[in-house]
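Step one of this worksheet: look at the structure below.
The values are calculated or read from the model by the stated rules, or taken from the named source; none is laboratory data. Note that the coordinates shown come from a computational prediction; the quantities given were computed from them, not determined experimentally. Every residue, glycine as well, gets a Cβ built from its backbone with ideal geometry; the counts of neighbours run over all protein chains shown.
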Amino acid sequence: MKVGVIVFPGSNCDEDAVAAFRDQFGCETVKLWHKDNDLQACDLIFLPGGFSYGDYLRSGAIARFSPIMQNVIDFAAKGGLVWGVCNGFQILCESQLLPGALLHNDHQKFNCKNVFIKANTTESLITSNLTVNTALQIPIAHGEGRYYCDEANLLKLKSNNQILFTYCDANGNETDGSNPNGSLQNIAGICNEKRNVFGMMPHPERAVDTELYNTDGRGLFQSLLASFELV
Amino acid sequence: MSQMQPVGNLATLEQATQLGLRPEEFEKIKEILGRTPTFTEMSIYSVMWSEHCSYKNSIVWLKTLPKEGEKMLAKAGEENAGLIDIGDGLACCFKIESHNHPSAIEPYQGAATGVGGINRDIFSMGARPIAQMNSLRFGNIENERTKWLVKGVVKGIGNYGNAFGIPTVGGEVYFDDCYQINPLVNAMSVGIAKVGKTVSAIAEGVGNPVYIYGSATGKDGIHGAAFASKDITEDSAKDLPSVQVGDPFWEKLILEATMELLETTDAVVGMQDMGAAGITCSTSEMSAKSGTGMKVWLDKVPMRQAGMKDWEVLLSESQERMLVVVHKGKEAEVEKIFKKWDLTYAVIGEVTDTGRVQYFMDGELRADIPGESLVLGGGAPVYHREYKEPRYFEEINKFDLNQIADIDLAAAPAVAKALMAHPNIASKRWVYNQYDSMVGTVNQTTNAPSDAAVVKVKGSNRSIAMTVDCNSRFVYADPFKGAMIAVAEAARNLVCSGAEPAGVTNCLNFGNPYNPEVYYQFVYAIKGMGEACKKFDTPVTGGNVSFYNQSSDDNAVFPTPTIGMVGLLPKGSKHMTLNFKQAGDVIVMLGQTQNDLGCSHYLAHYLKVAQSPAPWFDLDQEYNMQQAVLKLIGAGLIQSAHDVSEGGLLTCLLESAFVDNFGFDIQQTAGSRLDAFLFGEAQGRVVVSINPAKLADVESLLNRLNLSFEKLGTVSANGIKVNGVDFGSTANYSQIYNNSLASQLN
């Protein structure tokens, strides 16, 4: 699988994503510059975390107008794989590749810590190898991560099984106390209806290296690579 | 003198003193120039000769600190930051700096720009920052203004550091009444460079163009350097424009452009960031360092607003700006990179051989000064200040432990709970959760906590450990011993993490140096620091001095010489953690229980005894004890290591127990006072836990090293027991420890 990690001005998890895909999972990985209209024949486009355009106006609101985003939108429309984490998720929502929006955390503070999330379904490329309802310890680091969408979209997310991850406690229970930002129904990550665009606030790429003593994120990458080979 | 007379009004003595120059300094300027300076020239001298830029009141003593060491790649003061060899062709570049005065007035921007400034110091040397730390001190947490300051400072550090994208991996937060008006905000950054690929702040090659790049220049922060060298007064709020405004987005773009400039071209001759005193400082320091001169056309500087005066452009401390001298003919390569990152840039000058910095505007010469006369080590004044023993020492010397009644076991749990709730001891989670501590995927202490932060150096098989430490109450009680303890504690934190201490950067926060009692604190703190740094073989690679940390009508803050220390974990060495691992493990304390309560939190904050001597400390014992810890870790004989510091032994044990919810069962050391045993803060002690099967090996190693140690008891599944008395469950204490700060600040 060839992976392209987009670098917007202000992206700061791009190197971490490259390190995860290339060093941990052996994928051919290239960085894609936001001003270029070229996806370099990548199989997966990854939108990393960070503060694209300084988060001016609203997280992700300006990045969606970057030249390369038109290519990403076209690529996704043709069924191409797109995965956004943190600021990448925010950009995908702003670009309307994913429904809903990421609001300021309910406590109004930036929050970086390990949290627990669980896969709600194995019916997606990034959850295919995970065990449903089993807690994974994955870090978050965001100020605007409170997932919100209207009633109609929530119904669609549910009926189409698009909610991939929810915040939970260590035992896999979706409690209020385990929701770190006030997200609607503890939603931590979703996919689009066609199941080729994925967005999530937690950072699985920060939980893949044994030298950092937490590898709970590896399952997402392994799922992706295993299911991609099958396709 | 053959020079042209610059255009502009001549300065008066009155103006000079208003800008912080002393009458004799104004005379010296006239002597150097051979004429009366213009207002613009006098403004330049006022900032360059401020304490902040010239170190005029501190340099005599700073020079006594040890600077030599095998691993040192640059001597203190020679470069923007310290540089040590970490092997594999890599160098670690690190520095700590204060942003106290701006933060006192505008906590959010003051702290944010402190973070921005220290990171520029690192990457302007060609090192990519990989981790940040900070040391924060505030007044009473119950005070509303303190809460406002804490929230503002933490948000400022967080928003800047998080967007800049370098993890904040550790630090310290203290609360004490002495910081009520004047909080301390010290920020540290650590970066990695390739040996031989670093860049210096030099301006060589006559005719080479001088670029400014980054943000445009505005009127913010003018006279910030001079402001930082004055006492804080009620009127300081009127100085608000002296505080700069930061933008981490620009800083991130400048970082990437700078690294690309250095990694993909050979165009760069030298560079320096623009911090205190802006264009003035960077142009004069760079040319003075190379013995060259510089012509600068101020109207070419990209400006944020129209109608800026020459001295405003010169002194502006607008953030996120860099000055770079490039080889003539390489302009296109350099500009291509600036354009790629959408940076504002301009050629504003060129290198000359005149030895003078000459500033032009509207086609007129506005200032013409020998560069060397402005800078530290050149013509900047150097003062020997007088000092005398502080009178409050008499009060401290009156302290008699025998006047303090020992506590009994029944009373101890309540004391322990009060200490767990004390903001100096309680978990700082409320603070550090607002910092991105994991970006960069190098932080190894997130999931494996240790006394120092440990980060891996990508592309090598090694890690570096880092810590910031200073118990300023100790320094107040005994500046010499207190500063030694600050160094010793920093080294101890590194050692407990499995790292060998390698080098120091210091941030020297003191009161007004013209007060002989304050200056005594400074002199003796430097002496103590020097002694300890020699013992631990940790040369001082650089740092920063911040005087005038006091209000005009109150006393100075506690003397606070914050130590930033970096250590190395070589290939294959063990990262040691602080948490207990298994019930049944034996708890051993290296070092000895002392009947000492000096400056302990129990004494100062629970019993409210304000004046007491610094605690027991012995430099040789400390060093030997730390060497023993390293040997135990190296031999794989211990499960955990945690030093005894704030709060004493019981706090230390609880912190080791909290992580995985263990308990412990210990016996008081024979012959000790219970209060001193549980809550005393005598130095030279580390608590380790040991698998019982390895106890004999540990004992024989410690006996061989002739090191005192005490077997305290064992790790248990849960609950605290002292002398067989049940102190309650671990959770009783951890809940207080974890929630105290949030409950006081939310």
task: Assess whether B:Pro413 counts as being modelled with pLDDT of 95 or more, closer than 26 Å to A:Ala141 by Cα and in the same structural domain as B:Asp665 (by TED's automatic domain parsing).
output: no
query: Considering only residues of the stretch A:28-59 that are of a type outside the set (Ser, Thr, Tyr) and assigned to a helix (DSSP H, G or I), which is nearest to the other protein chains (Cβ to nearest Cβ)?
result: A:Gly54
field: Within the stretch B:577-618, tally of residues that are under 19 Å from B:Ala405 (Cα atoms) and either charged (D, E, K, R) or in a helix (DSSP H, G or I) (or both)
entry: 8
statement: Residues of the stretch B:177-218 being assigned to a loop (DSSP other than H, G, I, E, B), within 30 Å of B:Lys428 (Cα to Cα) and in contact with a His (Cβ under 9 Å, 6 or more places away or on another chain), in sequence order, are B:Asn182
field: Options B:Ala610, B:Ala614, B:Ala532, B:Ala604; residue that is within 27 Å of B:Asn57 (Cα to Cα) and assigned by TED's automatic domain parsing to the domain that holds B:Glu699
entry: B:Ala614
- prompt: Out of curiosity, is B:Ala104 at pLDDT below 95, among the small types (Gly, Ala, Ser) and in contact with a Cys (Cβ under 6 Å, 6 or more places away or on another chain)?
  reply: no
Unmet criterion (only one of (1) in contact (Cβ under 8 Å) with a residue 60 or more places away in the chain; (2) surrounded by 21 or more Cβ atoms within 10 Å (Cβ to Cβ); (3) of a type in the set (Asp, Glu)) for A:Asp43: (2)
Verdict on B:Gly278 being crowded, with 24+ Cβ neighbours inside 10 Å, touching a residue at least 24 places away in the same chain (Cβ under 8 Å), more than 14 Å from every other protein chain (Cβ to nearest Cβ) and not β-branched (Val, Ile, Thr): yes
message: Condition check: β-branched (Val, Ile, Thr), away from chain B (no Cβ under 14 Å) and over 30 Å from B:Leu745 (Cβ atoms). Does A:Ile62 satisfy that?
response: no
- request: Out of A:Lys78, A:Lys113, report the one residue that is without any contact (Cβ under 8 Å) to a residue 12 or more places away in the chain and surrounded by fewer than 17 Cβ atoms within 10 Å (Cβ to Cβ).
  value: A:Lys78
field: Qualifying residue in the stretch B:636-643 (condition: of a type in the set (Gly, Ala, Ser), in contact (Cβ under 8 Å) with a residue 60 or more places away in the chain and crowded, with 17+ Cβ neighbours inside 10 Å)
entry: yes
- prompt: Can you list the helices (runs of 4 or more DSSP H) found entirely within the stretch B:1-96 that contain at least 3 residues being without any contact (Cβ under 8 Å) to a residue 40 or more places away in the chain?
  reply: B:13-18, B:23-33
The stretch B:139-170, residues that are surrounded by fewer than 24 Cβ atoms within 10 Å (Cβ to Cβ) and more than 11 Å from chain A (Cβ to nearest Cβ): B:Gly139, B:Asn140, B:Ile141, B:Glu142, B:Asn143, B:Glu144, B:Arg145, B:Thr146, B:Lys147, B:Trp148, B:Gly152
statement: In the stretch B:456-493, anything among the small types (Gly, Ala, Ser) and modelled with pLDDT of 95 or more is listed as B:Ser463, B:Ala465, B:Ser472, B:Ala477, B:Gly482, B:Ala483, B:Ala486, B:Ala488, B:Ala490, B:Ala491
- prompt: Name the residues in the stretch B:415-446 that are of a type in the set (Val, Ile, Thr), in a helix (DSSP H, G or I) and away from every other protein chain (no Cβ under 13 Å), would you?
  reply: B:Val415
statement: Of the candidates B:Ala405, B:Ala332, the one satisfying the condition of being away from every other protein chain (no Cβ under 14 Å), more than 30 Å from B:Glu646 (Cα to Cα), surrounded by fewer than 18 Cβ atoms within 10 Å (Cβ to Cβ) and not acidic (Asp, Glu) is B:Ala332
field: Scan of the stretch A:177-207 for residues that are more than 15 Å from the chain's Cα centre (by Cα) and either within 14 Å of chain B (Cβ to nearest Cβ) or of a type in the set (Phe, Trp, Tyr) (or both), ordered by number
entry: A:Gly177, A:Pro180, A:Asn181
- prompt: If we scan the stretch A:10-27, do we find a residue that is away from every other protein chain (no Cβ under 14 Å), of a type in the set (A, V, I, L, M) and more than 16 Å from the chain's Cα centre (by Cα)?
  reply: no
task: Could you look through the stretch B:355-376, keep only residues that are in contact (Cβ under 8 Å) with a residue 40 or more places away in the chain and either within 23 Å of B:Ser58 (Cβ to Cβ) or assigned to a loop (DSSP other than H, G, I, E, B) (or both), and pick out the one that is farthest from the chain's Cα centre (by Cα)?
output: B:Asp362
